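The values are calculated or read from the model by the stated rules, or taken from the named source; none is laboratory data. No experiment lies behind these values; they were computed from the predicted model shown. All Cβ positions, even for glycine, are placed from backbone atoms using ideal geometry, and neighbour counts span all protein chains on display.
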Amino acid sequence: MCGIAGILTWRDTPAERLTGRITAMTDAIAYRGPDAATSWTDAGAGLALGHRRLAIVDLTPTGAQPMSSANERFVICYNGEIFNAADVAHDLPGVNFRGTSDTEVLLEACVAWGVEKAITRFIGMFAFALWDRRDRVLWLVRDRLGIKPLYWTKQNTEEGPAVLFGSELKALTAYPGWAPQLDRAALAGYLRYGYVPAPRSIHAGVHKLEPGHILRIEADGRETLSRFWDLRQIARDGVRHRDNRSEAEQLETLHVLLKDAVKRRMIADVPLGAFLSGGIDSSTVVALMQAQSGQPVKTFSIGFQDEAFNEAGHARAVAQHLGTDHTELVIDPAHARDVIPDLPFMYDEPFSDSSQIPTYLVSKLAREQVTVSLSGDGGDEIFAGYVRYLGIDRVWNGVGGVPLAARRIGAGMLGLLSPDAWDALLSPVPARHKPKFLGDKIHKGAAILGQADPDAMYDALVSQWDGESLVAGAGPRLPHDTTLAHDLPETVARLRYRDMTTYLPDDILTKVDRASMAVALEARVPLLDHRVVEYAWTLPPDRLLQGGQGKRLLRQVLYKYVPRAMVERPKTGFGMPVGDWLRGPLRDWAETLLSEAALKADGLIDPAPVRQRWQEHLGGRRNWQHALWTVLMFQAWRARWRGVSVP
């Protein structure tokens, strides 16, 4: 796991100048790789590759990057891990490997088979640049699910055109002579979803290379973008060619796949552990780790003083049952206040998933003992674990035939009472008969009830603001893909696909990457092994959802190791009591950023709706915690990155 950066200008440039610039770019992301800082230049092409190393496998100099191929034609700069490197190396007869790093295997595979064919052989997470010295061609490649980040841009600088790329935006902005501008459409997307949707970034003209894609840049500057792994095709084929064997056979197949995915991600030459929340996903990963480990696995969890959000006791119980070496930390508002000032720097662009704070804190906790930590991220998207999937499906099946106008009247009536008022009204109902945060769930239900179709319901449920209305000059919002319903007619399948191509890479995996790499910790996500993902798409709906629960078959795997009663409980999620904190210990901080003067400062955001929601939140009439946190994180980002101009 590392940080990479690169420059390509197609102009003969002194090596010293290239080295100075690429060093500035990699120094900006030094925390991603504290073990070494190296670079390589091709002065005639105006190319520089930079690397910050976090040594995980082959800690010797033979694993150092940028790395030249044995024939010296190709040079690679790579961030990630290839978990089947030994298998791929075995299929490369005649290669005299200098070391044992997966980097060398990746490089020589590209030499032997070509980039397009080689990457289909890899099991892993990766973002890399490959330079062909002879033909002066640059490849940029990102892994199938988007576990590792890669930004790129072609900019006109003071000295002429240049291609810049890197693991994070701050690496690009360190290049001299380029002044980034804010992308208003990207800001609107951020305010809607809480993250900047790919392929945009918050900087105009800077792109996220999307998961499963290759960007090829020729010597004459031509760009070719291609896809080497097509999730839509995989999903379409999966739902059309189901695995219709018995549940026992399906369970065995999934069990074997998961065991292998976890085992491969336990390969490291440094201490290794795992995040453990006590939920289905992380408990499954830890159970499979412990079953294949000769010593207690080190596990780490975060708890909250607010019991509504606290899962530390569940994690502790699972750890004790499995016999792991467990460490936990209970956090309070002071921990949040300490982390908040660092978030805009950590994430580079506005990002408002409030679980970014506990994710950072558990990463920091783990880094005190290990350098690699496995995580259960991805299970909800892969195995239909989100309540919203079943909720939207049930609502649509129940009310889809009711005229839209009538549904909108009903939605308005449900919204007359605030979430807190609903909670108070329904307080006599025993807790065992109602879900947590019922008032919020009623309001979310009202938001989707008045929508025209399941896809619009999804958009309404996951949207924080109407970003295009809130941001001046953002332009119209692009409509959702209406052809997707043809390929994936089942509502749950379609929503899973949408999350796997948007929310998963742009929110969940971004959160984990930035939080873990901020403390130089490598996070590995075995549930996102592409073989597991591909198999999950072949499972019939009743193997995913049954009896109001998702992850049916995944749960059956976990029950082989952990008693069902220990892990079966309503889903909490890895959130924070943000709403209460904004009314209490974080109020002064929030008020400063949400003041009318602060909101008007750049002329970007209409302050009126923001101020209204802030007052409603403070008065307890509504719980606008997520929407307000989204604006707060933009305001905090803007205060940190004033160098980004507003066109």
*Answer with yes or no whether Val256 is in a helix (DSSP H, G or I) and touching an Asp or Glu at 6+ places or on another chain (Cβ under 9 Å).*
no
*Could you tell me whether Thr327 is touching a strand residue (DSSP E or B) at 6+ places or on another chain (Cβ under 6 Å), among the polar types (S, T, N, Q), surrounded by fewer than 19 Cβ atoms within 10 Å (Cβ to Cβ) and over 22 Å from Ala28 (Cβ atoms)?*
yes
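Inspect all residues belonging to segment 490-504 and state whether any of them is surrounded by fewer than 19 Cβ atoms within 10 Å (Cβ to Cβ) and closer than 27 Å to Met633 by Cα.
Residues of segment 490-504 that are surrounded by fewer than 19 Cβ atoms within 10 Å (Cβ to Cβ), as a first pass: 490, 502.
Adding the requirement that they be closer than 27 Å to Met633 by Cα leaves 502.
Yes: one or more hits.
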*Given the conditions (1) touching a Gly at 6+ places or on another chain (Cβ under 9 Å); (2) closer than 20 Å to Arg121 by Cα, which single one is not true for Pro93?*
(1)
_All strands (runs of 3 or more DSSP E) inside segment 280-393 with 2 or more residues being at pLDDT below 95_ = 298-304, 325-331
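Looking only at segment 127-178, count how many residues are part of a strand (DSSP E or B) and under 16 Å from Cys77 (Cα atoms). Break it down into steps so the answer makes sense when it comes.
Initially, segment 127-178 is screened for residues part of a strand (DSSP E or B), giving 127-132, 137-142, 151-157, 160-166.
From what's left, under 16 Å from Cys77 (Cα atoms): 127-132, 137-142, 151-152, 163-166.
Total meeting the criteria: 18.
Let me confirm something: among Val262, Val196, which residue is under 25 Å from the mean Cα position of the chain (by Cα) and either outside the structural domain of Lys511 (by TED's automatic domain parsing) or modelled with pLDDT under 95 (or both)? Walk me through how you get there before you give the answer.
Values: Val262 fails: either outside the structural domain of Lys511 (by TED's automatic domain parsing) or modelled with pLDDT under 95 (or both).
The unique qualifying residue is Val196.
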*In segment 548-569, residue nearest to the chain's Cα centre (by Cα) [restricted to those that are closer than 28 Å to Asp487 by Cβ and modelled with pLDDT under 95]*: Gly550
_With the condition being under 30 Å from Gly3 (Cβ atoms), of a type in the set (Ser, Thr, Tyr) and outside the structural domain of Tyr31 (by TED's automatic domain parsing), I'd like the helices (runs of 4 or more DSSP H) fully within segment 469-519 carrying at least 1 qualifying residues._
491-501, 509-517
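What are the residues in segment 179-219 that are in a strand (DSSP E or B) and in contact (Cβ under 8 Å) with a residue 40 or more places away in the chain, if any? Talk me through it step by step, then tell me what you get.
Of segment 179-219, the ones in a strand (DSSP E or B) are 181-182, 200, 203, 206-208, 213-217.
Scanning segment 179-219 gives Gln181, Leu182, His203, Val206, His207, Lys208, His213, Ile214, Leu215, Arg216, Ile217.
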*Could you please give the count of residues in segment 215-255 that are within 20 Å of the chain's Cα centre (by Cα), under 25 Å from Tyr190 (Cα atoms) and hydrophobic (A, V, I, L, M, F, W, C)?*
1
_Pairs needed: first member in segment 513-534, closer than 15 Å to Leu554 by Cα; second member anywhere, basic (Lys, Arg); C-beta distance under 6 Å; at least 6 residues apart or different chains._
Pro526/Arg265
*All positions within segment 1-53 that are on the phi > 0 side of the Ramachandran plot and at pLDDT 95 or above*: Gly46
*Identify the residue in segment 593-607 that is more than 16 Å from Pro344 (Cβ to Cβ) and not aliphatic (A, V, I, L, M) and, among all such residues, is surrounded by the most Cβ atoms within 10 Å (Cβ to Cβ).*
Pro607
*Within the bounds of segment 379-396, is there any residue that is surrounded by fewer than 17 Cβ atoms within 10 Å (Cβ to Cβ) and under 25 Å from Pro607 (Cα atoms)?*
no
*Of the conditions (1) in a loop (DSSP other than H, G, I, E, B); (2) farther than 22 Å from Asn84 by Cβ; (3) in contact (Cβ under 8 Å) with a residue 12 or more places away in the chain, Arg236 fails just one. Which one is it?*
(1)
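On the basis of being assigned by TED's automatic domain parsing to the domain that holds Leu527, under 26 Å from the mean Cα position of the chain (by Cα), basic (Lys, Arg) and more than 27 Å from Arg583 (Cα to Cα), does Arg388 make the cut?
Values: assigned by TED's automatic domain parsing to the domain that holds Leu527: yes; under 26 Å from the mean Cα position of the chain (by Cα): yes; basic (Lys, Arg): yes; more than 27 Å from Arg583 (Cα to Cα): yes.
So Arg388 passes the test.
Being closer than 30 Å to His626 by Cα, surrounded by fewer than 18 Cβ atoms within 10 Å (Cβ to Cβ) and not assigned by TED's automatic domain parsing to the domain that holds Ala384: is that true of Glu223 here?
Working: closer than 30 Å to His626 by Cα: no; surrounded by fewer than 18 Cβ atoms within 10 Å (Cβ to Cβ): yes; not assigned by TED's automatic domain parsing to the domain that holds Ala384: yes.
For Glu223, the condition - closer than 30 Å to His626 by Cα, surrounded by fewer than 18 Cβ atoms within 10 Å (Cβ to Cβ) and not assigned by TED's automatic domain parsing to the domain that holds Ala384 - is not met.
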